[in-house]
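One structure is given below, encoded as structure tokens.
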Amino acid sequence: MRLVFSQQLKLKEDIVFTDVRGHSISSDNQLAATACSDAIEKFVRRKIDVVPRLQESLAADSTCAFSQAVFGLMLHGARNHSLRDQMSATLTLAREAASPVSKREALYVAALEKAVTGDLFGMVSCYEDILRESPTDLLALVMAQGELFWLGGMAKAKQLSDAVAGSWNQQVPGYSDFLSVRAFDLEEAGDYAAAESAGREAVALDQDNVWGAHAVAHVLLMQGRHSEGVDWLQGLQGNWQETNQMKFHLWWHQCLFHLERKEFDSVLDGYDRWIRNHEEVLVQAVPDLYIDLQNGASMLWRLEQAGVDVGGRWAEMAELVVPRMADMTSPFTSAHFAIILAAVGQFDDCNSLLQQMSAFSADRADHALASRFGEAAVPAARGVILHRRGDYNGAVESMMPARHLFWQMGGSHAQQDVFFQILVDSAFKTGRKELVGQLLNEIELIGFTEPSQRVAYETASQRCV
């Protein structure tokens, strides 16, 4: 990777380096700047070793405010409450850093401050301010999309990529990665043709581009093109050796395609070899990563819904969830915790989880996630638990009023669908045929092609005609 040295960019007496797209890294230490820039490139490309490279940067220059801010924002992105103290400590170091900073770098420090205080929309506004002045700042764009994704704000994410699109072309380093961000924005907005085109172009430019591959996989799933999905991802798996945990999510997508083709042995094999394989180094490093637990929970539920015996696979996730029931960093994750705990029959823990989710919603009105827990995650989690207990009327009563708010938990349409599956199954088992038909129509309006033909819905659909 090339790091550019600029004699023209100086703040006080400190030398300023720039990354590959010309954005400043205020430090008088080239090793620190190089490591920071490398970490950013790895992050936007979903590669491993992001944090080690940031740690190298800080070891070389602990007064680099930008590196401190980026490190703190990476900690925030892990969505684990055990990292809160470390985030706060990093924010203090970023504020106290001796090196002067540019306005753009100061906005990254401000974004970290917003993250620490729970002002997540304010955090996004910092990224928006950065992009207004520096439209090719790929780090800001990727971080904004990631934050908006878990806030249910993908419409806003599309507005951001709309605004900067004119500044991007093949001559700008990272163009493939910009296209992948753009592709996912378009897919979640329902513009499948444009999303697929952008995603495929991103991968054609860089075979390692997993976010572009991911965007195309979403299009293929939403349009019911399951065989194409299997072929698409199988053809790219050889490029994922240096990919972070995103590769497990891509396997989750591949398993979804196999599930829709009723190739259940392939799904179980993919689950054991990739989605929840504890022999994988990345899983060993962070066995309770939020997205990995989401992947595992939703896949096992789908398999059981299809009549597949998943054996004791729920147990290892339940052990990881119990210590994290008070973790309110992600409404979508907490709702998946309910799926896991209910599946192993730990209903006392389920009740404790619901109480803590409700208390957070009531007591932390200052936090951006409070209303999202109360309006969406709590009703979804309660419905999940009632469904597992066989109280299907109760599940319908809990989930129906909140179904149009499930987006507030974050996640994609494909991920949120597991909660609609639970709601439809509950309605079906209460004999409410008209309600099943209504829900299937709503699911189609979300963007799924012919949901009645999908594995999760076909029985209810056929018997409720």
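The values are calculated or read from the model by the stated rules, or taken from the named source; none is laboratory data. What you see is a predicted model, and the numbers here were worked out from it, not measured in a lab. No Cβ is skipped: glycine too gets one built from the backbone with ideal geometry, and neighbour counts run over all protein chains shown.
Summary table below
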quantity: Hits in region 47-67 (condition: surrounded by fewer than 17 Cβ atoms within 10 Å (Cβ to Cβ) and in a helix (DSSP H, G or I)); calculated: VAL51, PRO52, GLN55, ALA59
quantity: Failed item, numbered, when GLN145 is tested on (1) among the polar types (S, T, N, Q); (2) surrounded by 22 or more Cβ atoms within 10 Å (Cβ to Cβ); (3) more than 27 Å from GLN237 (Cβ to Cβ); calculated: (3)
quantity: Region 174-190, residues that are without any contact (Cβ under 8 Å) to a residue 60 or more places away in the chain and more than 20 Å from the chain's Cα centre (by Cα); calculated: TYR175
quantity: Within region 193-216, considering residues that are in a helix (DSSP H, G or I) and in contact (Cβ under 8 Å) with a residue 40 or more places away in the chain, the one farthest from ALA414 (Cα to Cα); calculated: VAL210
quantity: Filter pass, VAL378 being within 21 Å of PRO323 (Cβ to Cβ), among the β-branched types (Val, Ile, Thr) and in a helix (DSSP H, G or I); calculated: yes
quantity: Yes/no for GLU280 being within 18 Å of VAL455 (Cβ to Cβ) and either in contact with a strand residue (DSSP E or B) (Cβ under 7 Å, 6 or more places away or on another chain) or not small (Gly, Ala, Ser) (or both); calculated: no
quantity: Residue match in region 230-244 (condition: in contact with a Phe, Trp or Tyr (Cβ under 6 Å, 6 or more places away or on another chain) and part of a helix (DSSP H, G or I)); calculated: yes
quantity: Filtered residues of region 300-316 (kept if in a helix (DSSP H, G or I) and more than 19 Å from PHE419 (Cα to Cα)); calculated: ALA315, GLU316
quantity: Residue, surrounded by the fewest Cβ atoms within 10 Å (Cβ to Cβ), within region 177-190, restricted to residues that are acidic (Asp, Glu) and closer than 18 Å to GLN415 by Cα; calculated: GLU188
quantity: Residue under evaluation GLN171, criteria (1) farther than 30 Å from LEU93 by Cα; (2) in contact (Cβ under 8 Å) with a residue 12 or more places away in the chain; (3) surrounded by fewer than 22 Cβ atoms within 10 Å (Cβ to Cβ), criterion not met; calculated: (2)
quantity: Complete set of residues in region 48-77 that are closer than 17 Å to VAL116 by Cα, in contact with a Ser or Thr (Cβ under 8 Å, 6 or more places away or on another chain) and not aliphatic (A, V, I, L, M); calculated: PHE66, SER67, GLN68, PHE71, GLY72
quantity: Unique match (being outside any helix (DSSP H, G or I), assigned by TED's automatic domain parsing to the domain that holds ILE443 and touching a residue at least 60 places away in the same chain (Cβ under 8 Å)) among ALA368, ALA414, ALA335; calculated: ALA368
quantity: Residue count, region 272-290 (criterion: part of a helix (DSSP H, G or I) and either among the small types (Gly, Ala, Ser) or in contact with a helix residue (DSSP H, G or I) (Cβ under 6 Å, 6 or more places away or on another chain) (or both)); calculated: 4
quantity: Those residues of region 407-465 which are under 25 Å from GLY152 (Cα atoms), touching a Cys at 6+ places or on another chain (Cβ under 9 Å) and basic (Lys, Arg), in sequence order; calculated: none
quantity: Pairs where the first residue, in region 120-149, is under 18 Å from ARG45 (Cβ atoms) and the second is of a type in the set (S, T, N, Q), C-beta under 8 Å, 6+ apart; calculated: THR136/SER167; ALA140/SER134; LEU141/SER161; GLN145/SER161; PHE149/SER412
quantity: Residues located in region 51-108, provided they are in contact with a Phe, Trp or Tyr (Cβ under 6 Å, 6 or more places away or on another chain) and either assigned by TED's automatic domain parsing to the domain that holds ASP292 or under 21 Å from THR243 (Cα atoms) (or both); calculated: LEU54, ARG79
quantity: Residue within region 268-283 that is surrounded by fewer than 16 Cβ atoms within 10 Å (Cβ to Cβ), among the acidic types (Asp, Glu) and more than 24 Å from ASP231 (Cα to Cα) present; calculated: yes
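Conditions tested, residue by residue: (1) basic (Lys, Arg); (2) within 30 Å of the chain's Cα centre (by Cα); (3) within 23 Å of ARG261 (Cα to Cα); (4) at pLDDT 95 or above.
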{"residue": "ASP425", "(1), (2), (3), (4)": "no, yes, yes, yes"}
{"residue": "LYS429", "(1), (2), (3), (4)": "yes, no, no, yes"}
{"residue": "LEU435", "(1), (2), (3), (4)": "no, no, no, yes"}
{"residue": "ASN441", "(1), (2), (3), (4)": "no, yes, yes, yes"}
{"residue": "GLU444", "(1), (2), (3), (4)": "no, yes, yes, yes"}
{"residue": "GLY447", "(1), (2), (3), (4)": "no, yes, yes, yes"}
{"residue": "ALA456", "(1), (2), (3), (4)": "no, yes, yes, no"}
{"residue": "CYS464", "(1), (2), (3), (4)": "no, no, yes, no"}
